[in-house]
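**Q** Have a look at this one before I ask anything.
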Amino acid sequence: MLSRLMHRAERLIDPYQPYDEDAEFPGRLIPFMWTMLRPARWVLAGSMALGLVFALTEAALARYAGRIVDILREAEPATLWAEHWPEFLVMALVVAFLRPASLILESIISGQGFYAPMGALIRWRTHRKMLRQSLGFFADDFAGRIANKQIQLAPAINDSVHQITSELWHASIFLLGAAAILAETDARLLIPLALWFAGFVGIAIWFVPRITENGKRVAEARSRLAGRIVDSYSNIQTVKLFAHAEREESYARDALEDFRWTFARQTRLYTWLQVALGGLSTVLVGGVIGYAILLWQVGAITVGTIAAASALVLRLNGMVDWIMNMLSVLFQNIGTVYEGMETVSQPLRLRDHDGAQPLRLTAGEVRFEHVAHHYGRHGGGIEDIQLTIRGGERVGLVGRSGAGKSTLVNLVLRFFDPDRGRVLIDGQDLAHCTQDSIRAQIAMVTQDTALLHRSIRDNLRYGRPEATDDQIMAAAAQVHADVFIPDLVDQQGRRGLDAFVGERGVKLSGGQRQRIAFARAVLKDAPILILDEATSALDSEVEAAIQQSLGELMEGKTVIAIAHRLSTIQRMDRIVVLDRGRVVEDGSHAELIARGGLYARLWARQSGGFIDAAVETAEEAAE
């Protein structure tokens with residue numbers, strides 16, 4: 001039966017239920033918590049109702065302990081059961097059934113009904129929000145730090161709510177019950193209880209804000225440490241290539257020391273808190289029990305009343321440390337929620353506008369109308385670009401580093417919106433098209449191809465999720481990736497298409513990763529193709545072989561190709577030359593050579609087929 005109840009409780013909340021995906025998460029604590037917890041409101045209400053019953057039974061049992069003392073003092077053993085069996089039976093039912101049943105049901109609802117599904121719900125919604133953030137958002141922070149904040153947010157919220165609706169709720173009800181019982185017996189017994197409660201509140205007012213603030217610092221220091229460690233692991237090849245293990249150790253140690261001493265300040269607060277609570281417990285126990293004895297001496301109360309008062313305050317005193325520690329952990333968790341909320345509640349930097357429509361391609365024409373975009377005050381960018389790339393036209397973008405080539409590509413993909421002007425595809429302003437529909441119409445192969453730590457099949461199916469194995473291998477064959485895929489074996493013994501590639505594809509060579517990227521683009525077969533230094537990681541023999549396939553890949557598509565190796569784009573229909581964020585030349589390879597401008601100088605001064613970086617620097621200095 002209990003198993004059935006647990007299974008039913010686990011299905012009270014659907015973590016993946018529909019919600020307003022376009023609504024931003026609130027930036028203030030209470031509205032943020034309510035947004036996350038609204039799906040669990042009835043579960044929490046049920047848990048609190050059961051907690052109320054359990055706390056009242058505990059107080060009632062302490063009260064009845066005093067009643068039993070008085071009964072045993074006055075009753076005769078022979079007539080005890082006959083005279084008092086109804087109340088004994090009621091209390092037996094409370095002890096044997098009501099109290100354990102309320103405790104068990106509350107544990108099932110708060111545990112199975114709340115913890116597991118709400119943890120999944122919070123992580124699901126915050127993860128979806130992070131996936132929709134712009135590239136600029138991730139460029140401004142460590143991926144490990146963002147992930148750490150997002151992951152620790154769910155347990156911090158769950159623990160906070162459990163501490164409020166279960167533990168703090170139980171303690172509050174028990175305290176009120178104890179006060180009511182003492183007042184019923186003799187209102188004067190409330191005096192030491194009131195003094196204790198005033199001291200408890202004063203201690204909480206002094207300690208809790210400091211613990212909360214330091215809790216935020218601890219959470220921030222923990223995230224910073226995680227970010228630095230993950231950054232080292234993610235770039236382990238670079239660390240080893242430059243023999244900088246000690247440098248990375250020092251980099252992590254700085255964050256570790258910061259976390260160590262921040263946490264030490266937190267533990268110091270806890271120690272002082274225990275000292276204060278120790279003194280306060282003397283007031284509670286000595287005050288209530290001592291005062292009760294004085295009242296008994298003057299005949300104001302019975303021995304049973306002393307027993308009941310003693311049971312109540314000893315139980316309450318045992319709860320004091322637990323209550324204050326619970327409050328400390330609660331506010332530490334709230335500090336963690338604040339720290340995570342600062343990340344997940346950031347508004348989307350780039351979002352679809354209201355009424356945004358899917359991009360509908362006809363010819364694949366790309367047009368820039370007086371487009372300007374800058375990365376901060378001194379971040380470079382483009383200025384007043386006017387450029388039309390006709391549908392089906394193959395255009396090469398050339399220019400020195402920082403000329404604006406990648407900026408143009410990022411604007412076509414709508415990774416950013418321009419500061420001024422418009423980017424249009426087939427006459428449709430990309431600012432008013434949905435982001436997913438834009439990128440669904442564009443295939444891109446970049447110079448630095450980072451693969452997902454999944455199988456070769458999964459990485460290739462990123463281009464077309466419904467592709468069959470035969471289609472996958474046909475695409476791989478077109479770019480000569482079929483020569484190495486069957487021979488791949490990972491550490492789990494998986495082979496071929498099933499082999500995992502390692503984090504960022506580290507188990508493959510640069511050329512192999514690049515061919516996987518090409519095969520993925522072949523599978524996607526999008527009408528617009530962007531090549532950003534796409535063949536730079538290939539050796540000459542493989543590049544020559546793939547060049548034969550590139551013609552088929554580009555057939556009938558609008559192509560934008562960025563290359564420092566000018567020989568790879570001389571066969572393009574047009575070449576657009578950028579310099580300092582502006583279009584300075586536009587024409588075919590032959591026309592630009594004949595013109596004798598910047599392109600001709602770059603062509604003449606190439607070193608090994610690439611734009612000579614030294615020449616770039618010298619020319620920029622001269623200008």
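**Q** Given (1) under 25 Å from VAL412 (Cβ atoms); (2) modelled with pLDDT of 85 or more; (3) of a type outside the set (A, V, I, L, M, F, W, C), identify the lone condition not met by PRO486.
**A** Condition not satisfied by PRO486: (1).
**Q** Quickly run through the stretch 208-223 and pick out the residues that are open to solvent by less than 20 Å² (accessible area, probe 1.4 Å) and either over 26 Å from the mean Cα position of the chain (by Cα) or of a type in the set (A, V, I, L, M) (or both).
**A** Selection gives VAL208, ILE211, VAL218, ALA219, ALA221.
**Q** Follow-up question, since we're still on this one. Pairs needed: first member in the stretch 157-169, closer than 12 Å to MET118 by Cα; second member anywhere, aromatic (Phe, Trp, Tyr); C-beta distance under 6 Å; at least 6 residues apart or different chains.
**A** Hits for this filter: ASN158/TYR115.
**Q** Would you check which residues across the stretch 122-161 are surrounded by fewer than 20 Cβ atoms within 10 Å (Cβ to Cβ), assigned to a helix (DSSP H, G or I) and of a type in the set (Gly, Ala, Ser) and list them?
**A** GLY136, ALA139, ALA143, ALA147
**Q** List every residue pair whose Cβ atoms lie under 8 Å apart, where the two residues are 6 or more positions apart in sequence or sit on different chains, the first residue falls within the stretch 349-376 and is closer than 22 Å to THR388 by Cβ and of a type outside the set (Lys, Arg), and the second residue, located anywhere, is in a loop (DSSP other than H, G, I, E, B) and open to solvent by 70 Å² or more (accessible area, probe 1.4 Å).
**A** Partner pairs satisfying both residue conditions: ALA363/ARG390; GLU365/ARG390; ALA372/ASP419; HIS373/ASP419.
**Q** Taking the conditions exactly as written (more than 16 Å from TYR115 (Cα to Cα) and either modelled with pLDDT of 85 or more or under 21 Å from the mean Cα position of the chain (by Cα) (or both)), does ILE13 satisfy them or not?
**A** For ILE13, the condition - more than 16 Å from TYR115 (Cα to Cα) and either modelled with pLDDT of 85 or more or under 21 Å from the mean Cα position of the chain (by Cα) (or both) - is not met.
**Q** Going through the stretch 350-408 one residue at a time, which ones are farther than 16 Å from GLU585 by Cα and among the β-branched types (Val, Ile, Thr)?
**A** THR362, VAL366, VAL371, THR407
**Q** While we're here: Filter the stretch 572-599 down to the residues that are in a loop (DSSP other than H, G, I, E, B) and without any contact (Cβ under 8 Å) to a residue 60 or more places away in the chain, then identify the one that is surrounded by the fewest Cβ atoms within 10 Å (Cβ to Cβ). Step through it out loud before you land on a result.
**A** Restricting attention to the stretch 572-599, the residues satisfying the condition of being in a loop (DSSP other than H, G, I, E, B) are 572-573, 580-581, 588, 596-597.
Checking which are without any contact (Cβ under 8 Å) to a residue 60 or more places away in the chain leaves us with 588, 596-597.
Details: SER588: 15, GLY596: 10, GLY597: 15.
Step by step, filter the stretch 572-599, then rank; the result is GLY596.
**Q** Can you find, within the stretch 492-506, the residue that is surrounded by the fewest Cβ atoms within 10 Å (Cβ to Cβ) among those that are out of contact with any Asp or Glu (no Cβ under 7 Å at 6 or more places or on another chain), on the phi < 0 side of the Ramachandran plot and of a type outside the set (A, V, I, L, M)? Working first, answer last.
**A** Of all residues in the stretch 492-506, those out of contact with any Asp or Glu (no Cβ under 7 Å at 6 or more places or on another chain) come to 492-496, 498, 501-506.
Now drop any that are not on the phi < 0 side of the Ramachandran plot, which leaves 492, 494-495, 498, 501, 503, 506.
Now restrict to residues that are of a type outside the set (A, V, I, L, M): 492, 494-495, 498, 503.
On the way: GLN492: 9, ARG494: 14, ARG495: 14, ASP498: 15, GLU503: 14.
For the stretch 492-506, the residue satisfying everything is GLN492.
**Q** To continue, here is another question. Take the conditions assigned to a strand (DSSP E or B), at pLDDT 85 or above and either touching a helix residue (DSSP H, G or I) at 6+ places or on another chain (Cβ under 9 Å) or surrounded by fewer than 15 Cβ atoms within 10 Å (Cβ to Cβ) (or both) and apply them to MET444. Does it pass? Even if it seems obvious, please write down each step before you answer.
**A** Working: assigned to a strand (DSSP E or B): yes; at pLDDT 85 or above: yes; either touching a helix residue (DSSP H, G or I) at 6+ places or on another chain (Cβ under 9 Å) or surrounded by fewer than 15 Cβ atoms within 10 Å (Cβ to Cβ) (or both): yes.
It is true that MET444 is assigned to a strand (DSSP E or B), at pLDDT 85 or above and either touching a helix residue (DSSP H, G or I) at 6+ places or on another chain (Cβ under 9 Å) or surrounded by fewer than 15 Cβ atoms within 10 Å (Cβ to Cβ) (or both).
**Q** Given the options ALA55, ALA101, name the one that is in a helix (DSSP H, G or I), within 42 Å of the chain's Cα centre (by Cα) and either more than 28 Å from ILE306 (Cα to Cα) or at pLDDT 85 or above (or both).
**A** Numbers: ALA55 fails: either more than 28 Å from ILE306 (Cα to Cα) or at pLDDT 85 or above (or both).
Within the list ALA55, ALA101, the selection yields ALA101.
Here is a yes/no grid of residues against (1) closer than 28 Å to VAL201 by Cβ; (2) at pLDDT below 75:
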| position | (1), (2) |
| --- | --- |
| LYS240 | no, yes |
| SER250 | no, no |
| TYR270 | yes, no |
| VAL283 | yes, yes |
| VAL303 | no, yes |
| LEU314 | yes, yes |
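**Q** Continuing with this model, one more query. Kindly list the number of the only condition in (1) surrounded by 19 or more Cβ atoms within 10 Å (Cβ to Cβ); (2) at positive phi that fails for ALA243.
**A** (1)
**Q** Working only within the stretch 170-202, note down all residues that are of a type in the set (A, V, I, L, M, F, W, C), surrounded by fewer than 18 Cβ atoms within 10 Å (Cβ to Cβ) and under 30 Å from GLN266 (Cβ atoms).
**A** Correct list: LEU195, PHE197, ALA198, VAL201.
**Q** While we're on this one: Determine if the stretch 63-77 includes at least one residue that is out of contact with any helix residue (DSSP H, G or I) (no Cβ under 9 Å at 6 or more places or on another chain) and open to solvent by 60 Å² or more (accessible area, probe 1.4 Å).
**A** Of the residues in the stretch 63-77, the ones out of contact with any helix residue (DSSP H, G or I) (no Cβ under 9 Å at 6 or more places or on another chain) are 74, 77.
If we keep only those that are open to solvent by 60 Å² or more (accessible area, probe 1.4 Å) as well, we get 74, 77.
Yes, because at least one residue in the stretch 63-77 is out of contact with any helix residue (DSSP H, G or I) (no Cβ under 9 Å at 6 or more places or on another chain) and open to solvent by 60 Å² or more (accessible area, probe 1.4 Å).
**Q** If you don't mind, there's one more thing I want to ask. Tell me yes or no: at least one residue of the stretch 16-31 is modelled with pLDDT under 75, surrounded by fewer than 16 Cβ atoms within 10 Å (Cβ to Cβ) and of a type in the set (S, T, N, Q). Full working, then the answer.
**A** So the first thing to find is which residues in the stretch 16-31 are modelled with pLDDT under 75, and the list is none.
Among the residues of the stretch 16-31, not one is modelled with pLDDT under 75, surrounded by fewer than 16 Cβ atoms within 10 Å (Cβ to Cβ) and of a type in the set (S, T, N, Q), which makes the answer no.
**Q** Next up: From the list ARG439, ARG414, pick out the single residue that is touching a residue at least 60 places away in the same chain (Cβ under 8 Å) and within 25 Å of the chain's Cα centre (by Cα). Write out each step before concluding.
**A** Values: ARG439 fails: touching a residue at least 60 places away in the same chain (Cβ under 8 Å).
Being touching a residue at least 60 places away in the same chain (Cβ under 8 Å) and within 25 Å of the chain's Cα centre (by Cα) holds for just one of ARG439, ARG414, which is ARG414.
**Q** Also, I was wondering about something else. Between THR305, THR282, which is at negative phi and exposed (fewer than 14 other Cβ atoms within 10 Å of the Cβ)?
**A** Values: THR305 fails: exposed (fewer than 14 other Cβ atoms within 10 Å of the Cβ).
The conditions single out THR282.
**Q** Report, ordered by the first and then the second residue, all pairs with beta carbons closer than 6 Å, sequence separation of six or more or different chains, a first member in the stretch 285-301 that is open to solvent by less than 50 Å² (accessible area, probe 1.4 Å), and a second member that is among the small types (Gly, Ala, Ser).
**A** VAL288/ALA309; ILE289/SER310; ALA292/ALA309
**Q** Let me ask another. Kindly provide the set of residues from the stretch 170-215 that are within 30 Å of ALA116 (Cα to Cα) and of a type in the set (D, E, K, R), ordered by number.
**A** Of everything in the stretch 170-215, just one residue is within 30 Å of ALA116 (Cα to Cα) and of a type in the set (D, E, K, R), namely GLU213.
**Q** Say we look at the stretch 466-484 and pick out the residues that are in contact (Cβ under 8 Å) with a residue 24 or more places away in the chain and part of a loop (DSSP other than H, G, I, E, B); which of these is farthest from ASP525 (Cα to Cα)?
**A** Checked the stretch 466-484; the qualifying residue farthest from ASP525 (Cα to Cα) is PHE484.
**Q** Any idea which residue in the stretch 32-52 is surrounded by the most Cβ atoms within 10 Å (Cβ to Cβ), counting only those that are over 29 Å from the mean Cα position of the chain (by Cα) and touching a residue at least 12 places away in the same chain (Cβ under 8 Å)?
**A** Here is the first cut: in the stretch 32-52, the residues over 29 Å from the mean Cα position of the chain (by Cα) are 46, 48-52.
Checking which are touching a residue at least 12 places away in the same chain (Cβ under 8 Å) leaves us with 46, 48, 50-52.
Details: GLY46: 18, MET48: 18, LEU50: 21, GLY51: 24, LEU52: 16.
Across the stretch 32-52, the extreme among qualifying residues is GLY51.
Here's the yes/no breakdown for (1) closer than 30 Å to GLN346 by Cα; (2) assigned to a helix (DSSP H, G or I):
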residue	(1), (2)
ALA23	yes, no
TRP42	yes, yes
LEU89	no, yes
SER107	no, yes
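**Q** Sticking with this one: Among the numbered criteria (1) modelled with pLDDT of 75 or more; (2) within 28 Å of VAL366 (Cα to Cα), which single criterion is violated by SER549?
**A** (1)
**Q** Of all residues in the stretch 98-117, how many are more than 15 Å from GLN163 (Cα to Cα) and either in contact with a Lys or Arg (Cβ under 9 Å, 6 or more places away or on another chain) or aliphatic (A, V, I, L, M) (or both)?
**A** So the first thing to find is which residues in the stretch 98-117 are more than 15 Å from GLN163 (Cα to Cα), and the list is 98-105, 108, 112-113, 116-117.
This time we only want the ones that are either in contact with a Lys or Arg (Cβ under 9 Å, 6 or more places away or on another chain) or aliphatic (A, V, I, L, M) (or both), so: 98, 101, 103-105, 108, 112-113, 116-117.
Adding up the residues that qualify gives 10.
**Q** Select from the stretch 103-121 the residues that are open to solvent by 40 Å² or more (accessible area, probe 1.4 Å), more than 19 Å from PHE32 (Cα to Cα) and hydroxyl-bearing (Ser, Thr, Tyr) and list them in ascending order.
**A** Hit for the stretch 103-121 is SER107, nothing else.
**Q** Does LEU430 satisfy the criteria of being at pLDDT 90 or above and under 33 Å from the mean Cα position of the chain (by Cα)?
**A** Details: at pLDDT 90 or above: yes; under 33 Å from the mean Cα position of the chain (by Cα): yes.
So LEU430 fits the description; yes.
**Q** Looking at the stretch 337-368, which of the residues that are under 25 Å from GLU24 (Cα atoms) and of a type in the set (D, E, K, R) is most open to solvent (accessible area, probe 1.4 Å)? Let's see the steps before the verdict.
**A** Filtering the stretch 337-368 down to residues under 25 Å from GLU24 (Cα atoms) leaves 337-359.
If we keep only those that are of a type in the set (D, E, K, R) too, we end up with 339, 342, 349, 351-352, 354.
On the way: GLU339: 5, GLU342: 102, ARG349: 118, ARG351: 75, ASP352: 61, ASP354: 159 Å².
The qualifying residue most open to solvent (accessible area, probe 1.4 Å) is ASP354.
The values are calculated or read from the model by the stated rules, or taken from the named source; none is laboratory data. Nothing here was measured: the structure is a model prediction, and the numbers come from that model. Every residue, glycine as well, gets a Cβ built from its backbone with ideal geometry; the counts of neighbours run over all protein chains shown. Just the protein is used for accessible areas: all its heavy atoms, side chains included, with ligands, DNA and RNA removed. Shrake-Rupley method; radii C 1.70, N 1.55, O 1.52, S 1.80 Å.
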